[in-house]
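Notes for the one structure printed next.
The values are calculated or read from the model by the stated rules, or taken from the named source; none is laboratory data. This is a predicted model, so every value here is computed, not measured. Cβ placement follows ideal geometry from the backbone for every residue including glycine, while neighbour counts extend to all protein chains displayed. Remember, those area values only see protein heavy atoms, side chains included, never the ligands or the DNA or RNA. Shrake-Rupley method; radii C 1.70, N 1.55, O 1.52, S 1.80 Å.
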Amino acid sequence: MASGCFDNLRLSTRVLNHLFTDSVQEDDKQSLYNFSEELSTLTWRTGFSKDEIRKLYRAFKQFCPRGCATTGDLKPAYAKLFPLGDPTRYTQIVFHSFDKDGDGFVSFSDLLDATASIVNGTVDQKLSWIFGFYDLDGDGCNTKREMLVIISAIYEMVQDARTIRPAVNIQVDKFFQKMDADRDGIVTREEFMSGCKNDTIINNQLSLFNKIW
């Protein structure tokens, strides 16, 4: 189950990738870039090259000319990929993971920092970001309630919500059997990171994040 969570998170980042990079026009070479920070600083902070940052920024500005994205911008991408389901809740979860200041908007800086953690981060940085993706209330623990919300949202993208409850409960139970080392009903950041590092499949999947972009 834990490895399945990584599959879905990787899908989320790929959707964001296609969402922005598909809007880049090859003949748009002369766009003006107005960064709030020097490119050299962004390169040092994120590990992306100047050209990678320019390309992502150009795509971001084409897709979001007002300079920020909302859940309404992301939902059509998921709806296109999952036409038979309802991506509303999962879109909100993905958006929340990028909107770190909780202002209802994802800026270019938000997107760049999150993407850098996922793609260029160390194993600990990647796992920490992934843990935060599932920690909906930000209290440093993953509860069964939070996992039920997330896994339900994933299933809702491909199935009728009324039919998924048994499958969701099974997947959440598997997650806690694997990750909840002290069996106290919550998964701490330390338990999550330890459980992931000790799992060969998850370790292999972490390397696939490097190939998203």
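A single entry from 113, 101 fulfils the requirement of being within 23 Å of residue 205 (Cα to Cα) and either of a type in the set (D, E, K, R) or open to solvent by 40 Å² or more (accessible area, probe 1.4 Å) (or both): 113. Out of the stretch 130-142, which residues are open to solvent by less than 30 Å² (accessible area, probe 1.4 Å) and under 15 Å from the mean Cα position of the chain (by Cα)? Scanning the stretch 130-142 gives 130, 131, 132, 133, 134, 135.
Being open to solvent by 60 Å² or more (accessible area, probe 1.4 Å) and more than 26 Å from residue 119 (Cβ to Cβ) is true for just one of 201, 170. Which residue is that? Explain how you work it out, then say what you get.
Working: 201 fails: more than 26 Å from residue 119 (Cβ to Cβ).
Criteria check complete, one pass: 170.
Residues that are within 16 Å of residue 93 (Cβ to Cβ) and among the basic types (Lys, Arg) within the stretch 145-172 comprise just one, 145. The numbered conditions (1) buried (at least 17 other Cβ atoms within 10 Å of the Cβ); (2) modelled with pLDDT under 85; (3) in a loop (DSSP other than H, G, I, E, B); (4) not polar (S, T, N, Q) are all true for residue 65 except (1). If you go through the stretch 143-160 and pick out every residue that is closer than 11 Å to residue 86 by Cβ and open to solvent by 60 Å² or more (accessible area, probe 1.4 Å), you end up with 3.
Sub-7 Å Cβ pairs linking a first residue in the stretch 48-65 that is over 29 Å from residue 122 (Cβ atoms) to a second residue that is open to solvent by less than 70 Å² (accessible area, probe 1.4 Å) and of a type in the set (S, T, N, Q), at least 6 apart or interchain, are 62/23; 63/23, ordered by first then second residue. The set of residues in the stretch 140-179 that are part of a loop (DSSP other than H, G, I, E, B) and more than 16 Å from residue 130 (Cα to Cα) comprises 157, 158, 159, 160, 164.
With respect to residue 73, is the statement that it is acidic (Asp, Glu) and outside any helix (DSSP H, G or I) true? No: the conditions fail for residue 73. Within the stretch 102-119, can you find the residues that are within 14 Å of the chain's Cα centre (by Cα) and touching a residue at least 40 places away in the same chain (Cβ under 8 Å)? Listed by number, the residues that qualify are 111, 112, 113, 115, 116, 118, 119.
Within the stretch 73-88, the residues that satisfy the criterion of being among the small types (Gly, Ala, Ser) and within 24 Å of residue 59 (Cβ to Cβ) are 77, 79.
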